[in-house]
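Before any comments, here is the structure.
The values are calculated or read from the model by the stated rules, or taken from the named source; none is laboratory data. Keep in mind the model is a prediction, meaning the values are calculated, not measured. Quick reminder, even Gly has a Cβ in these numbers, built from the backbone with ideal geometry, and neighbours come from all protein chains shown. Each accessible area value is taken on the protein alone, full model and side chains, heavy atoms only, with ligands, DNA and RNA left out. Shrake-Rupley method; radii C 1.70, N 1.55, O 1.52, S 1.80 Å.
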Amino acid sequence: MTRIFSGVKPTGHLTLGNYLGAVRQWAETDQHRADALFCVVDLHALTVEHDPARVRRLSRQAATLLLAAGLDPALCTVFVQSHVDEHARLSFVLECTATDGEMRRMIQYKEKSARARAAGESVRLSLLTYPALMAADILAYGADEVPVGDDQTQHVELTRDLAVRFNQRYGHTFVVPKATNPQVAARVMDLQDPTSKMGKSHAATAGIVYLLDEPEVVRKKIMRAVTDSGREVEYDREEKPGVANLLDVLAACEGGNPEELAGVYESYGALKKDTAEAVVELLRPVRERHAELAADPGYVDKVLREGAERARGMARPTVDAAYRAIGLLPAG
Ligand code: TYM
């Protein structure tokens, strides 16, 4: 059976981008067609300036939202990364497989480190080695597929390279995984700055729809989205990125095709209105289910405890095999 692994980082509240680019597919298709693991990758949240209490809170909220979005613990494994030691164990071995040049070439590292330096902050070493930990997340479970938004594809490509290199050098140990992206909305853009990704850790929040935003807030954010000069509704990501983004979001909500949808609208206002309503309806059940689950933290804890136990059992043999293959002495 196909094995799937994916994760979400608790550095901010989950956004419409996370949902359309990743979480919705996990719930609607991936968990039904494969042996799937979905992880709140809290160690990754420590790679940038963080507040411990906030990371803890966001980790619980992210786990609750994954369940609210429809992940079913009877069908898939939902857990928190730091509850399973194998991730950190394997990460070091993969740091010893990768080169610093490879890490420095990662677009996210370049962007995030540049942003931190510009703000006068130091750059944590773990921000550079982040892709080794991400590779460990994936390779520890022998995942065949990694369903992610566009922005994570480069990290999954690096994971493939590391798996191939390790296997060639030390003997076959890892499954070589591949990234899968959704057909529409693999990169949802910021509503106020449609040339950059809608990111949960961005400081300016007017262009970001969070999964837990009230319907009125969602409507307001979408109605105020930056559109482009001209009046014609066309799907042109280069020339009209704001309009194209709205068309992508609407198409993703309604299951249509953004080019075809463009022909249906005569004004930006009408497009915004329908997009706002479609997003409100898409998120409504998630918000409602989140409120129910948040009132029952014992249930969420139990799911995470059982998930971690299952995950540990899957990861340990692979990580032990990697330790042996690379030359570490097994404990007697
Ligand atoms: P993270 O937490 O930034 O995002 C979680 C998932 O949401 C997708 N995504 C988007 N998709 C479309 N449009 C957007 N604006 C948008 N923003 C985010 C991301 O592509 C991702 O699929 N490094 C990862 C977490 C991670 C991981 C892993 C993922 C750690 N280990 C192993 C897969 C496998 C990250 O920061 O995702």
With R₀ set to 35 angstrom, the calculated FRET efficiency between the beta-carbons of V175 and E259, to the nearest 0.05, is 0.45
Stokes-Einstein D for the range 89-154, Kirkwood Rh over Cα pairs, 25 °C, 0.890 mPa s (µm²/s): 190
What is the diffusion coefficient of the range 1-125 in µm²/s, taking the Kirkwood radius over Cα pairs and the Stokes-Einstein relation at 20 °C with a viscosity of 1.002 mPa s? 133
What whole-number value in Å² describes the accessible area per residue of the range 157-200 for a 1.4 Å probe? 50
What's the percent breakdown of Cα-Cα distances in the range 243-332 across 5 Å bins, shortest bin first? 2, 11, 13, 10, 7, 7, 9, 10, 10, 9, 6, 4, 2, 1, 0
Under a 1.4 Å probe, what is the accessible area of the range 255-332 per residue, stated in Å²? 57
Sort largest first and round to whole Å: the equivalent ellipsoid semi-axes of the range 254-304, each the square root of five times a Cα gyration tensor eigenvalue. 37, 12, 6
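Over the range 1-109, what is the relative contact order in whole percent, taking alpha-carbon pairs under 8 Å and six or more residues apart?
It comes to 32 percent, rounded to a whole number.
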Would you report the distance distribution of C-alpha pairs in the range 43-94 as whole percents per 10 angstrom bin, up to the bin with the largest distance? 20, 42, 33, 4
Can you give the accessible area of H172, probe radius 1.4 Å, in Å² rounded to 10? 150
The range 101-254, relative contact order in percent, only Cα pairs under 8 angstrom and at least six apart counted: 16
Would you look at the GNM of the chain, springs on alpha carbons closer than 10 Å, and say which of A132, A295, A252 moves the most? A295
What is the mean projected area of the alpha carbon convex hull for the range 155-285, to one decimal in square nanometres? 10.2
With springs only between Cα atoms under 10 Å, which of D144, D100, D42 fluctuates most in a Gaussian network model of the chain? D100
Expected output is a single nm value to one decimal: the length gained when fully extending between D72 and S126, i.e. 0.36 nm times separation in residues minus the C-alpha distance. What is it? 16.2 nm
Determine the per residue accessible area of the range 42-119 with all protein chains present and a 1.4 angstrom probe, expressed in square angstrom. 47
For the chain, what D do you get in µm² per second when you plug the Kirkwood radius from alpha-carbon pairs into Stokes-Einstein at 25 °C and 0.890 mPa s? 118
Given labels modelled 7 Å from the Cα in the Cβ direction, how far is it in nm from E277 to R54? 3.7
Calculated FRET value between R231 and L329, using beta carbons and R₀ = 51 Å, to 0.05: 0.10
Sparse-neighbourhood loop hits (chymotrypsin sites (Phe, Trp or Tyr not before Pro), the range 3-107; DSSP loop; Cβ within 10 Å at most 10 others) -> none
Computed label-point distance, nm, for sites A118 and K220 using a 7 Å Cα→Cβ extension: 2.7
Calculated FRET value between A206 and N167, using beta carbons and R₀ = 41 Å, to 0.05: 0.30
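For every other residue with a beta carbon closer than 12 angstrom to the beta carbon of G255, add +1 if it is Lys or Arg and -1 if Asp or Glu, then tell me the sum.
-2
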Over the chain, with every protein chain in place, what whole percent of the accessible area is carbon and sulfur at 1.4 Å, could you tell me? 50
Positive end of the dipole of the chain, charges at C-beta (+1 Lys, Arg; -1 Asp, Glu), about the Cα centre: which of A251, A203, Q183 has its Cα farthest in that direction? A203
